[in-house]
Amino acid sequence: MSAGREQERGGSFGVPSSDASDLAATRWMRGAFASFYIILAITNFVMLDGYARISTTVLAALTAGLLVIAAIPLPRRWGQPDWGDHLGYVPVLDGVAQVAITGQIHYTTTLMLTLVGIAVVLRYRRTFLAATTLGCAGWLAGVVWVPELRDDELGYWAVQLGISALVAVILNEALRRRQRQLRNARDEISAVADRFGSLFHASPSGVAVVDEQGVIVAVNQAFCDLVGRSAEELVGSDCLAYRPGGDSAEQRFERPDGTVRWVWSTVGRSTTWTLIQLQDVTDRHLAEQAVRDSDRLLAAVSLAARRIRTGEDARNTIIGAIRDLAEADNVSLMEPSAGALFVTGALGAHVLGTRIPLDDTSMTARVFGDGQPVFLADATADPRVSPALLKMVEGRSMLWQPVIADGVVLAVLVVGWRSRVASVSDHRARAVAMLADETALAMEHERLLRRLEQMAFTDTLTGLPNRRAWQEQLATLFAQGRTITVAIADLDRFKRYNDTHGHVAGDELLQRAAVAFAGELHGDDVIARWGGEEFVIALHGAAAFATLERVRLATPDDETCSIGYAVWDGVESAEQLLERADEALYAAKNGGRNVVQAAPEPATVPS
């Protein structure tokens, strides 16, 4: 609770001032005393008649109205706050008038009750004594002025009035002494509260006072600064967000402006109150975090390097490390292909396979083009950021980090945070940049391995799979258990063509034949160069003659080829199947060449 709010409540740290409390009590009693005169006005109207009824009723009602006004707190500019004490004479005069107008001595009772009443409602002794004296003197004057009052009971009522005046004096003095004692007690409490309030507000630690319902009733400025909220927002709110699970714990607070503070929170409890203390440990936490981040970064780089050395795909490892070290919500890796960037790796967002044209004006394409990293604290406000990308990653703050090797941009790492991040700290930027270098190394290593693998499994002359690749693919087809047909195609009289046109022309013929033969096959068929002028073909299913006939007719340069094929019986080995296809090829050669020849069914061995 701020100092201003405390003073509004009447004193320091919520303790009402003595004068304010006494005045409020006096006003309440004036209101209660006014009810007595309202009842008196009604009684006079009912019990009396004639002039006495009208005059006494009006006087009682007027007195009640004035007492009600005296009970209402009026603005200070209208007068002193205790101006109602001067109206204390009115009830006394009304009591005297009641006796004089009715001419009945027993109405002295009204004056007696009035004297006791003003002993309670008047704050100042001088005003009370003057009003009491006025009442007694007025009663004596009435007795002298009105002969009807001088009856046999005059002495009795005179004694009763004197006793009432004495009781009123004693009551007024007792109340004054009691109020003085209460005032002294309140002043002592207020002094203690002032000292506590000074310590409370001057404390460098954030402090909040919580009631038994878990509602915050007071906070100091340090507490407001730590959590980034004003006292008006905090007072009256639930303390659960600021209270640790146990008696003490380290907590992370994200302020409304997006900044983060780390605090050590402790709780002290009494039977009805709870004290929450917050100590700012952000600098210590960040220093410790920097050490931990350095260790984690080294570990991530080491793991990525090991995976690269062993030939594993290190993309997911690096993406996961970036997300962890940058404390990001999502990380995506975008690589170029066919004139666009495609998401080839992602964590924290379902964007795998997303395509971004390279000729686009988006931030991703721009970073890929100029190779400069970009960070936007509020990516939603920048027109260069694709709204579709922001929707997919639910991003607020974003970082684009190019992956560069030998001066060439290979890919772009896109790091996103769903909540606003004011700036990328040193350790975050360093972690992303270093792991981007590891990503470049992993991609270069992968490209080299892919090239070596391609060289190991590709025929360098024709570009078709070589014998090693064929053997692996055939083994895969065998493992599927489906019916396949294996064929061997051999260019007829290729040696004579070589001798006539030269080896270069022979190589060109082989290249054109490879393209022509592959063009006649279906997408899931396999063709490879077996060696020399021979090609091997694997077709799905047993009805392969028509396809192989198209292959034969596609032989370029008016040359011919012979083809022998065999259908796998589901039992024989790959070597046995190829041997049958080779025998069919020899039969085609011996039968005049330029034909497609099927192998006979394998012989069945009796059991």
So what J values fall out for the stretch 157-171 if you push phi through Karplus, 6.51 cos²θ - 1.76 cosθ + 1.60 with θ = phi - 60°, rounded to Hz, Gly and Pro as x?
6, 5, 5, 4, 5, x, 4, 4, 4, 5, 4, 4, 5, 4, 4
Please give the helix 503-519 orientation as an angle from the longest Cα principal axis of the chain, in degrees from 0 to 90, rounded to the nearest 10.
50
Between Gly407, Ala338, Ala64, whose Cα lies farthest towards the positive end of the dipole of the chain when Lys and Arg beta carbons carry +1 and Asp and Glu beta carbons carry -1, centred on the Cα centre?
Ala64
Please find the FRET efficiency linking Ala340 to Arg550, where r is the Cβ-Cβ separation and R0 is fixed at 41 Å, and quote it to the nearest 0.05.
0.70
A correct Karplus calculation of ³J(HN,Hα) over the stretch 386-403, with 6.51 cos²θ - 1.76 cosθ + 1.60, θ = phi - 60°, whole Hz and x for Gly and Pro, returns 5, x, 5, 5, 4, 5, 5, 8, 6, x, 10, 10, 9, 10, 10, 10, x, 9
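Rounded to whole Å and ordered largest first, report the semi-axes of the equivalent ellipsoid of the chain derived from its Cα gyration tensor (root of 5λ).
Numbers: eigenvalues 2513, 146, 81 Å².
Calculated on Cα positions only, the semi-axes equal 112, 27, 20 Å.
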Radius of gyration and Dmax over the Cα atoms of the stretch 328-370, both given in Å:
10.3, 30
Sorted largest first, extent of the stretch 446-546 alpha carbons per principal axis (Å):
45, 41, 19
Taking protein heavy atoms only, a 1.4 Å probe, and rounding to whole percent, the accessible area of the stretch 88-211 owed to carbon and sulfur comes out at 66
³J(HN,Hα) across the stretch 211-226 via Karplus (A = 6.51, B = -1.76, C = 1.60, θ = phi - 60°), whole Hz, x for Gly/Pro?
7, 5, 8, x, 9, 6, 10, 7, 9, 9, 5, 4, 5, 4, 5, 5
In nm, the gap between the two label points placed 7 Å beyond Cα toward Cβ at Leu275 and Val504 is 9.8
Rounded to the nearest 10 Å², the accessible area of Met29 at probe 1.4 Å
40
At 1.4 Å probe radius, can you tell me the per residue accessible area of the stretch 467-598 in Å²?
49
Pairs of alpha-carbon atoms within less than 8 angstrom and 6+ residues apart define the contacts here; what relative contact order does the stretch 101-169 have, in percent?
56
Rg/Rh ratio calculated on Cα atoms of the stretch 126-211 (Kirkwood radius):
1.45
Which of the peptides 564-577, 215-228 is most tightly packed, and how do the rest follow, judged by the mean count of other Cβ atoms within 10 Å per residue?
215-228, 564-577
Probe radius 1.4 Å, ligands and nucleic acids ignored: give me the carbon and sulfur share of the accessible area of the stretch 510-607 as a rounded percent.
52
Determine the gain in length on full extension of the stretch Asp49-His522; use 0.36 nm per residue of separation and subtract their C-alpha separation, reporting nm with one decimal.
157.8 nm
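Just the accessible area per residue of the stretch 70-206, please: how many Å² with a 1.4 Å probe?
Roughly 56 Å² per residue, with all protein chains present.
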How high is the relative contact order of the chain, in percent, with contacts defined as C-alpha pairs under 8 Å that are six or more residues apart?
7
Using alpha-carbon positions, what is the distance between the centroids of the stretch 516-564 and the stretch 163-193, in Å?
119
Helix 108-121 against the longest principal axis of the chain: what's the angle in degrees, Cα atoms only, rounded to the nearest 10?
40
From the Cα centre of the stretch 498-515 to that of the stretch 354-429, the distance in Å is 51
Under the Kirkwood approximation for Rh and a Cα-based Rg, what ratio Rg/Rh is obtained for the stretch 196-241?
0.94
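Summarise the long-distance tail of P(r) for the stretch 206-284 by giving the % of C-alpha pairs beyond 14 Å. Write out the running numbers ahead of the final one.
Numbers: 1766 of 3081 pairs.
Of the Cα pairs, 57 percent sit more than 14 Å apart.
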What nm value, rounded to one decimal, do you get for the distance between His350 and Lys589 when each label is placed 7 Å out toward the C-beta?
5.9
State to the nearest 20 debye the size of the charge dipole of the chain about its Cα centre, where the only charges are +1 on K and R beta carbons and -1 on D and E beta carbons.
3000
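Using only helices, what value at 222 nm comes out for the chain when you add -39,500 (n - 2.57) per DSSP H run of length 4 or more and divide by the total residues, to the nearest 500 deg cm²/dmol?
When only DSSP H runs of four or more count, the value is -17500 deg cm²/dmol.
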Net length gained if the chain between Ala574 and Lys495 were fully extended (0.36 nm per residue, minus Cα distance)
25.6 nm
What figure in square angstrom, to the nearest 10, would you give for the accessible area of His106 with a 1.4 Å probe?
90
Quick one: dipole size for the stretch 467-598, taken about the Cα centre, charges +1 on Lys/Arg Cβ and -1 on Asp/Glu Cβ, in debye to the nearest 20.
40
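The values are calculated or read from the model by the stated rules, or taken from the named source; none is laboratory data. Bear in mind that the values here come from a model prediction, so they are computed numbers and not experimental data. A quick note on method: Cβ atoms are made from the backbone with ideal geometry, for glycine too, and the neighbour counts reach across all protein chains shown. Accessible surface is based on the protein model in full, side chains and every heavy atom, while ligands, DNA and RNA are left aside. Shrake-Rupley method; radii C 1.70, N 1.55, O 1.52, S 1.80 Å.
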